[in-house]
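These notes concern the structure reproduced below.
Only the coordinates and a few stated rules stand behind these numbers; no lab work does. Note that this is a predicted model, so its numbers are computed, not measured. Glycine also receives a Cβ, built like all others from the backbone with ideal geometry; neighbour counts cover every protein chain displayed.
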Amino acid sequence: MNFRLYQRRTDWVLLLPALLLLLLGLVTVYSATHVAAGGAGLYFQRHLIYVGLGLAVFVFFFVLPLRLWEDWAYLVYGAALLLLVLVLLVGDASHGSKRWFVVGPLRFQPSEFAKLALLAALARYLGNKRVDLSRAGSVLIAFGLVALPMALVLRQPDLSTAAAFPALALPMLFFAGLSRMLLFVMLSPFVGLLLLQHHVLWAVFLLLSAVLFLRARLPWMVLGLFLILHAGLHWGAPRAIAQLEPYQQARIHTFFDPGADPSGTGWQVLQSRIAIGSGQTLGKGYLQGSQKALAFLPMQHNDFIFSVVGEEWGFIGAGLVVLLFLAFVLRAVQVATVCRSPFASLLLLGGGGLIFYHAAVNIAMTMGLFPVTGLPLPLLSYGGSFLLTVMAMIGQMGNAAVHRFDH
């Protein structure tokens, strides 16, 4: 390891926002748990341990030779798939899903490790000069790399985590040269699902899509297939939702109308909105949140920790968190564009895409702009497998930034 190289090239513009978010998460987890009955100290102590382990994981990946990680990429990917299969067979079953390996007090979620594995494998594949995404074969292989772990996670079932795999892959595919129209077609079903209850907006979306297809001079048959598929999605999605687990159906219905059951499924979103709104501009002050203190906020140290930030630090504090995430992601994109190594560029883009996805969905969820998904907020939420995954990813991204001028 060349210490002088790391001293000279460490990109603090990239790493400092992440470290500030980690520190903010530490003090917010303490605030969110110190009033909880029976065990607030235990929660915070555990989080301190996770943060310490996360920093160790960060250092490991920060100094691990990128060439070595690239060489191991497919082996790591295969190991991740094996773990995803094993968790379905022998994993701990709780709340109708199998997502965890449990050994004594230790819990491990293999879907988090699979994110790291996919990032490495897809970066290695797309970084190969012989891969041409204008050819159907190359596109199918890339999609297959994403689809395999995604399908296994869907079997658990864990819809929100499964959606993280395409979120990670899309910026990498775009950078590697995938057609913009194909990317639009891939993203269009998500837009269609969000517009299920808004038929006029859905029709406008299809009309605008048709204009894009015609301007791209694609065959009428392609446009016809696109419209038929979206009509089928619009008709079939409500029937597919009816086949989901009851708690998943409740989350979707709450998203469209949180006030329909304010003491039941809508409780989380409504209390989160109240907490964020009550913070106003400057917040109520550290440790002073009343929604938090009275335990009205569910999962306030984990999925809804942004609500604690909004209540105690107000619009200024919540805005600062958003700006730190944006600064981190934008810097990752900026550094990726100057990296000489395609593998390093793709690591930065994929890691940035995943962190952006988690942050955007979690923050939107706490404000009632997205269904309650159970996705934690990177670096702020109570630690676990996800915190270790994020720290490993940031270590790789910082490593890639150090070696951005190396081939």
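Using a Förster distance of 56 Å, how high is the FRET efficiency between R155 and R9, based on the Cβ-Cβ distance and rounded to 0.05? Walk me through the numbers before you get to the answer.
Working: r = 43 Å, r/R0 = 0.76.
After rounding, the FRET efficiency stands at 0.85.
Kindly put I363, I316 in sequence by how many other C-beta atoms sit within 10 Å of each C-beta, fewest to most.
On the way: I363 21, I316 12.
Final ranking by Cβ density, sparse to dense: I316, I363.
What number, in percent, do you get for the relative contact order of region 93-184 if the mean sequence gap of Cα pairs under 8 Å and at least 6 apart is divided by its residue count? The partial results should precede the final answer.
Numbers: 74 pairs, mean separation 27.9, N = 92.
30 percent.
Per residue of region 125-140, in order, report the coupling 6.51 cos²θ - 1.76 cosθ + 1.60 (Karplus, θ = phi - 60°) as ³J(HN,Hα) in whole Hz, putting x for Gly and Pro.
Per residue, the Karplus-derived 3J(HN,Hα) values read 5, 5, x, 6, 5, 7, 7, 10, 7, 8, 9, 4, x, 5, 5, 5 Hz.
Taking 8 Å as the Cα distance limit and 6 or more residues as the minimum spacing, I'd like the relative contact order of region 119-173 as a percentage. Intermediate results must be reported in sequence, preceding the final value.
Values: 29 pairs, mean separation 20.4, N = 55.
Once divided by the residue count of region 119-173, the mean separation gives 37 percent.
Can you put M365, M221, M397 in order, fewest other beta carbons within 10 Å first? Walk me through the intermediate numbers first.
Details: M365 26, M221 8, M397 30.
Ascending number of Cβ neighbours within 10 Å: M221, M365, M397.
Based on other C-beta atoms within 10 Å, arrange K115, K98 from fewest to most. Let's see the in-between values first.
Working: K115 27, K98 18.
The most exposed by this proxy come first: K98, K115.
Taking the convex hull of the Cα atoms, report for region 319-379 its projected area averaged over all directions, in nm². Walk me through the intermediate numbers first.
On the way: hull surface 17.7 nm².
So the Cα hull casts an average projection of 4.4 nm².
Report the Cα-based extents of region 123-199 along its three principal axes, largest first, to the nearest Å.
Here the Cα extents, ordered largest to smallest, are 44, 30, 18 Å.
For a distance above 15 Å, tell me the whole-number percent of Cα pairs in region 1-91 that qualify.
75 percent
Enumerate the amide H contacts of N128 below 5 Å, restricted to partners 5 or more residues apart or on another chain; note that Pro and chain-start residues carry no placed amide H.
Here nothing satisfies the definition.
For a protection proxy built on the mean count of beta-carbon atoms within 10 angstrom, sort 175-185, 24-34 highest first, please. Display every interim value, and only then the final one.
Details: 175-185: 15.8, 24-34: 22.0.
Answer by packing, highest mean first, reads 24-34, 175-185.
Under 25 °C and 0.890 mPa s, how fast does region 99-232 diffuse according to Stokes-Einstein, given a Kirkwood radius computed over C-alpha pairs? Answer in µm²/s, whole number. Write down the numbers at each step before the final one.
Working: Rh = 17.0 Å.
After rounding, the answer is 144 µm²/s.
Taking every pair of Cα atoms in region 344-407, average 1/r, invert it to obtain the Kirkwood radius, and report Rg/Rh to two decimals.
Working: Rg = 13.7 Å, Rh = 12.8 Å.
Dividing the radius of gyration by the Kirkwood radius yields 1.07.
Past the 18 angstrom mark, what percentage of all C-alpha to C-alpha distances in region 1-157 do you count? Please list the in-between numbers first.
Values: 8806 of 12246 pairs.
For region 1-157, the share of Cα pairs beyond 18 Å comes to 72 percent.
Please work out the Kirkwood hydrodynamic radius for region 171-236, using every pair of different C-alpha atoms, and report it in angstroms with one decimal place. Mind dumping the intermediate values first?
Numbers: mean 1/r = 0.0796 Å⁻¹.
So the Kirkwood estimate lands at 12.6 Å.
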